[in-house]
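Here the structure is laid out as structure tokens; the discussion comes afterwards.
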Amino acid sequence: MPGNLAPAHRVGIGYDIHRIESDASPEAGLILAGVKIPCPWKVIAHSDGDLVLHALCDALLGAVAAGDLGEQFPDTDPAHRGRDSTEFLAHILALPVLNGWRIGNVDINVIAQVPRLSAHKPGMRQRLAELLALPLDRIGLKARTNEGVDAVGEKRAVQAQAVVLIEAP
């Protein structure tokens, strides 16, 4: 851009995928968007495996060209084993590089053959609104399947995509 004019908007995109496996234990279930989804599945992950928040963190970092979640919280660090992903998001939101920016909106796709997420979408949107201190109408969240195709469709993985718009004040 000419001169020192900063852009008024920036966009970031994030993506995450985790393997899943069936689990009949009482602790089974997935954490998505900070919400525990009861189901006979568990995510294989170093942290709590909240792929929605992981994709969102990557989208925020991408919008300000600040790397990715793995650089901030390496899965080789035992301190992150089982860690609550809401802590990752709080850390990312507090980064100095995001000072002066505000989130315009977020839009998230959760792609999972299992579990079915329709009944959980309102709670997931509400939790995201709380975590981001945004009105609910700025949180888009869709749940879809992969129609039996690839690892997601074969019930071996779940994935999330996130897009975030940030605005200069």
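Where a number appears in this text, it was derived from the coordinates with a stated rule and is not lab data. All figures in this text were calculated on a predicted structure; none of them were measured in a lab. Ideal geometry is used to build each Cβ from the backbone, glycine not excepted, and the neighbour counts take in all protein chains shown.
See the values below:
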| read-out | value |
| --- | --- |
| Inter-probe distance in nm under a simple model that places probes 7 Å from Cα toward Cβ, at Ala8 and Asp137 | 2.0 |
| Computed FRET value (nearest 0.05) for Asn105 with Glu147, which takes r as the C-beta separation and R₀ as 41 Å | 0.90 |
| Phi-based couplings in Hz for segment 37-47 (Karplus 6.51, -1.76, 1.60; Gly and Pro marked x) | 9, x, 5, x, 9, 9, 8, 8, 7, 6, 8 |
| Candidate lysines - alpha carbon under 18 Å from Lys142, same-chain residues fewer than 8 apart omitted | Lys36, Lys121 |
| Distance-filtered residues of segment 28-53 - backbone nitrogen under 15 Å, label point 7 angstrom along Val114 Cα→Cβ | 28-30, 38-44 |
| Under 5 Å, built H, 5+ apart or other chain: amide partners of Gly140 | Val106, Asp107, Ile108 |
